[in-house]
Amino acid sequence: MSRYLHIGCGDNILPDPFENLDDRELAGLDHKSLADDLSKFKNNTFDLVYSSHVLEHFQRDKTEEVLSEWARVTKKDGTIRLSVPSFENLIKIYNKSGKIENVIGPLMGGQTYGYNFHYNLFDEKSLKSLMEKCGLTAIHPWLHTRTEHSDYFDFSQAVTFGIPISLNLEGRKK
């Protein structure tokens with residue numbers, strides 16, 4: 001049976017085979033844990049590790065360590081699927097609207113609780129490079145409409161002024 005891990009699920013609880021992980025006590029949560037400490041899981045546990053708008057919450061000098069931890073719990077030939085705010089698209093949204101209010105949340109975080117602050121920015125080149133450093137290959141964009149979780153809205157699907165706010169990349173663990 002396949003096992004999928006949804007890191008930083010928040011209130012977006014995905015159905016089986018997803019196991020939902022967050023650092024807050026939330027209804028429907030399977031695992032209460034910080035996203036950067038998956039020590040409760042053995043190496044090579046999950047077929048898919050999914051995270052939407054979580055990686056940017058870690059300090060730049062810790063990001064590789066965090067993604068490496070996610071790769072550790074991913075099975076060989078398993079998939080890590082990431083969604084982060086797209087710096088390139090946020091620039092387009094700002095230029096189109098002329099209002100900083102339309103990009104400040106994805107750039108700075110919601111700032112509604114302790115971990116809801118952003119420390120990182122990503123474009124496709126920087127995220128792909130990070131994924132490669134963490135042992136991923138066959139890195140490519142993914143479409144939310146072609147995923148197991150497409151019926152459950154999260155920021156990977158969000159659009160402002162017709163422009164997606166997210167950079168969605170996935171890769172296979174070597």
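The values are calculated or read from the model by the stated rules, or taken from the named source; none is laboratory data. All values derive from a computational prediction rather than experimental measurement. Glycine also receives a Cβ, built like all others from the backbone with ideal geometry; neighbour counts cover every protein chain displayed. Ligands, DNA and RNA are excluded from the accessible area calculation, which covers all protein heavy atoms including side chains. Shrake-Rupley method; radii C 1.70, N 1.55, O 1.52, S 1.80 Å.
Only one residue in Glu25, Glu65 is outside any strand (DSSP E or B) and within 21 Å of Leu169 (Cβ to Cβ). Which one? Lay out the reasoning, then the answer.
Numbers: Glu25 fails: within 21 Å of Leu169 (Cβ to Cβ).
Of the residues listed, the single one that is outside any strand (DSSP E or B) and within 21 Å of Leu169 (Cβ to Cβ) is Glu65.
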*Considering each of Glu19, Glu88, Glu25, Glu101 in turn, give the residue that is of a type in the set (D, E, K, R), more than 18 Å from Glu132 (Cα to Cα) and modelled with pLDDT under 95.*
Glu25
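Rundown of residues vs (1) touching a residue at least 60 places away in the same chain (Cβ under 8 Å); (2) surrounded by 17 or more Cβ atoms within 10 Å (Cβ to Cβ), yes/no style:
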residue: Lys32; (1), (2): no, no
residue: Asp37; (1), (2): no, no
residue: Phe58; (1), (2): yes, yes
residue: Val66; (1), (2): no, yes
*Of everything in the stretch 143-165 that's acidic (Asp, Glu) and farther than 23 Å from Met108 by Cα, which residue is most open to solvent (accessible area, probe 1.4 Å)?*
Asp151
*Checking Phe153 against (1) touching a Gly at 6+ places or on another chain (Cβ under 6 Å); (2) assigned to a loop (DSSP other than H, G, I, E, B); (3) at pLDDT 95 or above, the condition it does not meet*: (1)
*Subset tally (residues that are within 14 Å of Leu167 (Cα to Cα), open to solvent by 80 Å² or more (accessible area, probe 1.4 Å) and acidic (Asp, Glu)) for the stretch 83-142*: 2
*Enumeration of residues in the stretch 1-11 that are open to solvent by 30 Å² or more (accessible area, probe 1.4 Å) and either small (Gly, Ala, Ser) or under 28 Å from Asp77 (Cβ atoms) (or both)*: Met1, Ser2, Arg3, Tyr4
